[in-house]
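Novice: Pasting a structure below so you can have a look.
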Amino acid sequence: MPLELAKVVVALFELYVLAGVVLAVSFLPRAVLRIDPRVAGSPGVLRLLIRPGGAALWPLFARRWIAGATEPVERNPHRAKAGAR
């Protein structure tokens, strides 16, 4: 039983990685500009550098891409205090 469980876990991990790579390859050329417009003027090397993160965090990026989200607004105590003045 432990060997079969290990095979299932490895197969699920492989599917996760495959989905991540597919999304990273399709996400970076098009949708990254909509989520972060500052990437438009950056060199192509930046997209190569962020590709592993896009593959690893693909569920978050897929949700933002499907929802049509724009650049996120940073929320932290410093900005909250600055805005309260």
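Taken together, the values in this text are just the output of simple stated rules run on the coordinates, not laboratory data. None of the values given here were measured: they were computed from a predicted structure. No Cβ is skipped: glycine too gets one built from the backbone with ideal geometry, and neighbour counts run over all protein chains shown.
Novice: Six or more apart or on different chains, Cβ under 6 Å: which pairs go from a residue in segment 27-44 that's in contact (Cβ under 8 Å) with a residue 12 or more places away in the chain to one that's surrounded by fewer than 14 Cβ atoms within 10 Å (Cβ to Cβ) and not in a helix (DSSP H, G or I)? Could you list them?
Specialist: Partner pairs satisfying both residue conditions: 36/71.
Novice: Separate question: Looking only at segment 49-85, count how many residues are out of contact with any helix residue (DSSP H, G or I) (no Cβ under 9 Å at 6 or more places or on another chain) and assigned to a helix (DSSP H, G or I).
Specialist: Of the residues in segment 49-85, the ones out of contact with any helix residue (DSSP H, G or I) (no Cβ under 9 Å at 6 or more places or on another chain) are 49, 60, 63, 66-67, 74-85.
Checking the rest, the ones that are also assigned to a helix (DSSP H, G or I) come to 49, 60, 63, 66-67, 77-84.
Count: 13.
Novice: Within segment 26-45, can you find the residues that are over 20 Å from residue 69 (Cβ atoms) and outside any loop (DSSP other than H, G, I, E, B)?
Specialist: 41, 44, 45
Novice: Looking for something surrounded by 11 or more Cβ atoms within 10 Å (Cβ to Cβ) and of a type in the set (Asp, Glu) - is there at least one such residue anywhere in segment 30-48?
Specialist: yes
Novice: Follow-up question, since we're still on this one. Could you please find all residues in segment 49-85 being over 26 Å from residue 12 (Cα atoms) and surrounded by 12 or more Cβ atoms within 10 Å (Cβ to Cβ)?
Specialist: If the condition is that a residue be over 26 Å from residue 12 (Cα atoms) and surrounded by 12 or more Cβ atoms within 10 Å (Cβ to Cβ), then 69 is the only one that fits.
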